[in-house]
């Protein structure tokens with residue numbers, strides 16, 4: 001399967017990854033090769049087969065509705081690229 | 001000192017023939033000596049390691065001894081370690097100091113083991129050669145022009161060069177077994193859910209599983225006893241009775257039923273490789289094990305299904321790296337979208353971006369059914385194949401990797417060539433089964449790994465099978481010439 005430049009740009013946007021023209025040109029053959037390899041799955045009949053998302057078919061374990069974590073805001077924000085006074089700083093969102 | 005197994009070191013530490021401080025000094029010296037030629041470590045923890053060693057010696061003195069007390073270990077840089085940098089081989093986390101400790105490393109700390117450092121790895125564990133690391137390729141001690149396998153390539157190189165007594169790895173599609181095979185060491189990926197994923201940086205959560213890498217199967221059992229166990233902090237951790245992984249080490253091979261998958265030995269397998277593996281299997285046969293042909297009819301599509309499921313999960317897991325809360329942030333973002341897009345474009349390497357994009361494509365509304373659901377259906381068929389096989393056999397054996405270690409740079413340009421390095425290991429992850437690799441021979445002085453696949457939670461038997469083989473052979477004792 002060959003992906004067009006437009007498709008690659010669309011996927012990159014969905015994945016929130018900036019791509020230059022050069023990136024698109026480099027990615028195009030590699031991504032297309034991978035997607036062509038994936039098409040190999042079409043050779044297998046999977047009618048009436050249920051999808052398997054957990055290898056041992058375990059169900060989600062529930063726990064008691066109790067507080068287990070304490071607030072560690074200062075510790076977590078100490079590794080943020082730009083945080084102060086308990087706030088994370090990002091570029092202006094609303095003018 | 002570095003030639004001894006963990007089991008041997010245990011006795012030496014307990015009888016005070018050596019101290020943990022002496023041992024730790026010795027390994028740290030070797031690590032520094034070979035760091036420029038191998039690049040096996042991202043972080044070397046001289047100060048904390050020596051402090052841990054001194055604490056361990058005190059513990060030994062007081063008789064509070066566990067199997068790994070005082071044993072110097074190398075931890076893969078995928079495990080969060082409080083106060084010590086955790087990079088996951090990525091520029092994205094080059095400055096990341098985790099505010100908490102992973103369950104795996106905490107268990108090693110609780111056991112009194114020493115953390116020598118954090119090992120290099122493919123970026124976010126995505127790779128089969130350790131070439132995708134932001135910190136540069138790791139070299140194979142058997143041939144410095146060759147890769148050590150991946151993604152746990154720093155760990156495998158460190159073990160092959162005898163820079164630690166034991167190491168941890170993680171295995172999403174073969175990342176413990178393939179590097180173990182390519183560097184002539186032993187490694188086991190346990191059943192999915194056996195070892196906690198808490199604090200282990202996620203790549204593909206339904207496949208990721210940590211395990212030990214070491215000199216011998218016996219050492220693996222000792223390390224797994226420390227690593228494994230139910231963890232309420234990991235929602236996919238399996239809550240079942242604790243297993244003693246050393247329990248079956250002495251079980252004889254007589255009567256063992258070994259499944260041989262025909263598909264592992266077809267024309268795609270290198271002839272010399274086939275011969276080495278068949279010779280290894282004959283050793284088991286000579287001890288009274290029986291061989292049985294088995295079919296794994298969907299193994300050939302496992303790689304395709306894996307390269308949908310793993311990227312899909314990775315695209316979701318890695319969406320957390322947004323340049324806001326931690327990790328890399330681009331300079332002077334124009335707006336929020338620019339902040340996200342450039343931080344991710346600059347912070348992630350080529351292979352990681354490629355996999356995020358494949359996963360994003362697979363999960364997009366247009367391809368979800370044909371791609372993602374289809375792969376999950378194939379996943380069920382793959383598991384069914386194994387369950388059918390295990391009705392008649394106890395373990396399955398074959399090669400770990402189709403070739404010995406390849407040259408650095410050789411497979412970088414072609415992702416498919418690289419992905420096929422894991423053609424014998426991937427199905428095991430999709431099924432969630434335990435798999436291991438042990439040294440079984442050399443081709444042109446490069447190591448070959450024998451893969452042993454077991455039924456769910458049957459690691460103790462697999463380790464016993466491997467241990468018995470290691471009592472009869474000495475491939476696991478081979479060390480590359482310059483690292484003796």
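In the list B:362, B:310, B:389, which residue meets the criterion of being touching a strand residue (DSSP E or B) at 6+ places or on another chain (Cβ under 6 Å) and either at pLDDT 95 or above or surrounded by 21 or more Cβ atoms within 10 Å (Cβ to Cβ) (or both)? Let's see the steps before the verdict.
Values: B:362 fails: touching a strand residue (DSSP E or B) at 6+ places or on another chain (Cβ under 6 Å); B:310 fails: touching a strand residue (DSSP E or B) at 6+ places or on another chain (Cβ under 6 Å).
One residue alone meets the criteria, B:389.
Checking each residue in region B:317-344 for being touching a helix residue (DSSP H, G or I) at 6+ places or on another chain (Cβ under 7 Å), more than 8 Å from every other protein chain (Cβ to nearest Cβ) and touching a residue at least 40 places away in the same chain (Cβ under 8 Å) picks out B:318, B:321. Within region B:93-114, being more than 14 Å from every other protein chain (Cβ to nearest Cβ) and out of contact with any helix residue (DSSP H, G or I) (no Cβ under 8 Å at 6 or more places or on another chain) holds for B:102, B:103, B:105, B:106, B:110. Here is the figure for region B:371-401: residues that are under 23 Å from residue B:273 (Cα atoms) and at the interface with chain A (Cβ under 8 Å from one of its Cβ atoms) total 0. Taking region B:140-174 as the range and being surrounded by fewer than 24 Cβ atoms within 10 Å (Cβ to Cβ) and over 16 Å from residue B:214 (Cα atoms) as the test, the residues that pass are B:143, B:144, B:145, B:146.
Determine, yes or no, whether residue B:347 is surrounded by fewer than 18 Cβ atoms within 10 Å (Cβ to Cβ) and more than 9 Å from chain A (Cβ to nearest Cβ). So residue B:347 fails the test.
Scanning region B:417-435 for residues that are within 12 Å of chain A (Cβ to nearest Cβ), under 27 Å from residue A:29 (Cα atoms) and assigned to a loop (DSSP other than H, G, I, E, B) returns a single hit, B:423. Evaluated against (1) over 30 Å from residue B:254 (Cβ atoms); (2) at pLDDT 95 or above; (3) touching a helix residue (DSSP H, G or I) at 6+ places or on another chain (Cβ under 8 Å); (4) facing another protein chain (nearest Cβ under 9 Å), residue B:404 falls short on exactly one condition, (4). For region A:43-78, a tally of residues being touching a helix residue (DSSP H, G or I) at 6+ places or on another chain (Cβ under 8 Å) and surrounded by 10 or more Cβ atoms within 10 Å (Cβ to Cβ) returns 8.
Note on region B:407-416: residues that are in a loop (DSSP other than H, G, I, E, B) and more than 14 Å from chain A (Cβ to nearest Cβ) total 3. For residue B:66, the test of being touching a residue at least 40 places away in the same chain (Cβ under 8 Å), part of a loop (DSSP other than H, G, I, E, B) and closer than 29 Å to residue B:330 by Cα is failed. Entry remark, region B:443-470: residues being surrounded by fewer than 21 Cβ atoms within 10 Å (Cβ to Cβ) and under 15 Å from residue B:178 (Cα atoms) number 1 in total. Take the residues of region B:10-40 that are out of contact with any strand residue (DSSP E or B) (no Cβ under 9 Å at 6 or more places or on another chain) and touching a residue at least 60 places away in the same chain (Cβ under 8 Å): which is surrounded by the fewest Cβ atoms within 10 Å (Cβ to Cβ)? Out of the qualifying residues, it is B:37. Considering region B:215-328, the qualifying helices (runs of 4 or more DSSP H), each wholly inside and each with 3 or more residues that are over 23 Å from the mean Cα position of the chain (by Cα) and under 26 Å from residue B:182 (Cα atoms), run over B:271-286. I'd like to check something: does region B:246-259 contain any residue that is away from every other protein chain (no Cβ under 14 Å), in contact (Cβ under 8 Å) with a residue 60 or more places away in the chain, buried (at least 24 other Cβ atoms within 10 Å of the Cβ) and out of contact with any strand residue (DSSP E or B) (no Cβ under 6 Å at 6 or more places or on another chain)? No, there is no match, as no residue in region B:246-259 is away from every other protein chain (no Cβ under 14 Å), in contact (Cβ under 8 Å) with a residue 60 or more places away in the chain, buried (at least 24 other Cβ atoms within 10 Å of the Cβ) and out of contact with any strand residue (DSSP E or B) (no Cβ under 6 Å at 6 or more places or on another chain).
The values are calculated or read from the model by the stated rules, or taken from the named source; none is laboratory data. As the structure is a prediction and not an experimental result, all values here were calculated from the model. When we count neighbours, we look across all protein chains shown, and the Cβ atoms used for this are built from the backbone with ideal geometry, even at glycine.
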